[in-house]
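As structure tokens, the structure follows; a few thoughts come after it.
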Amino acid sequence: MSDLVPLPPATVHKPAVSGHYGLVAAQSLLAARAGVEILEAGGNAVDAAIATGFALGVVEPWMSGLGGGGAMLVWLAREGRAHAIDMGMVAPRRLDPADYPLTGRPGGDLFGWPEVEGNRNLEGPLSVCLPTWLAGIELARSRFGTLPFAELVRPALALAREGLAVDGYAMTMIASAAAALARQPAAAALFLPGGQPPAPAWTGEPARLPLPALAQTLERLAREGPESFYRGGIAADLARDLAEAGCRLDAEDLAAARATIREPLALSYRDARVLAMPGLFAGATLARALELLSEHPRAGARPDAAAYRAYARALCTAQAERLATMGDSGPAPSCTSHLCVLDREGNLVALTQTLLSLFGSKVLLPRTGILLNNGVMWFDPRPGRPNALGPGKRPLANMCPAIALAEDRRIALGASGGRRILPAVLQLLSFLLDHRMDLETAFHTPRIDTAEAERITLDARLGPEVARALEELAPVRSVQPVVYPLTFACPSAVLHEPSTGLGFGAAEPVQPWAGALAARRAPGAADGLSL
């Protein structure tokens with residue numbers, strides 16, 4: 001056996017798409033189709049992003065949804081101005097740090113702090129924070145959208161009525177969390193029928209998991225509006241489910257839910273202006289990493305070994321400063337979704353939305369069909385530390401949507417993947433701005449990852465020269481990109497060329513559901529519907 005030659009890695013190629021009427025890039029093409037329908041119906045980039053976000057919560061419920069939070073950047077082409085919509089989650093006002101005693105054991109490979117008894121900060125009712133995603137997207141729609149709220153919910157409602165399609169990838173995601181899902185009765189009843197993960201038929205047809213409660217909630221949202229979720233009839237059902245599940249979150253928390261519009265962080269990088277999320281997101285760390293990277297001279301059409309060493313040095317330094325001053329969750333698995341939209345007027349949206357861990361808290365509310373986040377896991381359980389647990393506090397978040405504005409190209413991008421997000425966003429920005437790659441080339445250029453403080457992860461396609469350069473900084477492990485576990489982040493992006501009006505979209509090649517779709521026709525009622 002020792003003389004066997006290993007097979008070369010499989011090559012996956014996913015072409016970028018292009019068009020003049022707008023594009024949507026997302027982790028699911030089913031969800032992207034919902035956004036394209038909105039563009040073709042006359043909606044703008046914000047409208048399409050919201051419809052896509054709703055749809056993502058249905059077709060990949062383990063990633064994001066009504067029970068989570070998010071971050072959105074909006075670029076208004078006509079105004080030449082950007083806005084950041086902060087929909088970060090908040091701890092319940094009745095959260096008690098004493099509910100999270102430490103066991104005295106290390107937290108294992110998932111966390112940078114000690115283990116909490118029963119992992120109650122990671123899963124179950126005590127891990128839940130106030131979901132603010134819906135508050136954020138309604139704030140964005142009311143300020144920058146053009147279509148009624150109900151119109152943006154309808155594509156997701158249609159998908160929910162069809163039920164969750166389970167193919168091989170969905171089966172893998174459900175199976176990977178089966179043990180934790182089995183500990184939560186409502187989640188187990190939905191995702192583990194008969195006590196086992198569902199499987200598609202051998203003939204290729206996907207299995208279907210019915211989503212009647214979620215479909216009913218979306219129908220009520222379309223009819224009653226988002227106010228019902230926080231202070232109306234849906235909120236009453238949520239409060240009853242929350243109390244029965246043993247969550248600290250209650251009706252008073254829901255009624256106090258707010259999202260805010262803030263000024264984005266703005267910085268100069270090379271010849272471009274980069275916009276990022278302010279506050280507790282990863283925008284400040286991206287700004288610091290770009291500042292450090294700008295000291296490295298750009299050269300060539302593709303990054304060389306020295307460039308990857310510069311990426312690693314900038315990322316490791318910026319992330320170490322983040323951990324020392326703000327706190328973080330370590331390289332825990334993340335169940336985040338990202339999407340980007342370009343409309344025909346050149347407006348851009350980068351939206352990241354999340355439940356945090358895969359399936360969030362694993363708590364499914366039976367009356368509404370909503371899967372809840374586990375935002376408490378992003379707090380440090382040790383008192384007095386950066387990012388420490390506390391009632392009504394907001395945790396640090398790794399979400400890093402970004403917009404880059406250069407003379408000949410405007411880019412919206414972001415990724416899912418927890419602490420892997422920042423390395424992906426930084427490198428893609430460098431590929432596109434330093435090395436002038438087109439979007440398709442950038443997304444097929446191998447990357448490194450620095451999410452783990454003790455070592456650097458290298459895409460094996462980069463080869464020994466890059467590995468040796470990185471070993472000067474830290475131990476290196478070389479891996480082949482695979483579908484699961486996804487060792488690197490899952491990015492998506494759109495790019496607009498103002499001179500031609502042409503747009504491009506791309507998404508992570510290795511992720512089987514991710515992709516981009518272009519609107520193929522101008523809407524029949526285009527006038528007056530753009531930002």
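For Ala451, the shell of other residues with beta-carbons less than 9 Å away shows a net charge of 0, using +1 for Lys and Arg and -1 for Asp and Glu. Shape class of region 167-209 from the alpha-carbon gyration tensor: prolate, with a/c at 1.5 or above and a/b greater than b/c.
Computed over neighbours whose Cβ is under 12 Å from that of Arg208, the net charge equals -2, Lys and Arg +1, Asp and Glu -1. Could you tell me the center-to-center distance, by alpha carbons, between region 273-306 and region 210-255 in angstrom? Region 273-306 and region 210-255 have Cα centres separated by 41 Å. The C-alpha atoms of the chain occupy a region whose extents along the principal axes are 63, 60, 52 Å, arranged from largest to smallest. Please report the spacing between the Cα centers of region 470-484 and region 367-398 in Å, no decimals. Result: 30 Å between the Cα centres.
Relative to one another, the C-alpha centroids of region 25-90 and region 144-194 are positioned 17 Å apart. For the chain, the 222 nm mean residue ellipticity estimated from helices alone, with every DSSP H stretch of n ≥ 4 adding -39500 (n - 2.57) and the total spread over all residues, rounds to -9500 deg cm²/dmol.
Could you tally the net charge around Asn121, taking each other residue with its Cβ under 11 Å from the Cβ of Asn121, Lys/Arg +1 and Asp/Glu -1? The answer is -4.
Where a number appears in this text, it was derived from the coordinates with a stated rule and is not lab data. Being a predicted model, the structure only gives us computed values, none of them experimental. Every residue, glycine among them, receives a Cβ derived from its backbone with ideal geometry; neighbour counts consider all protein chains shown.
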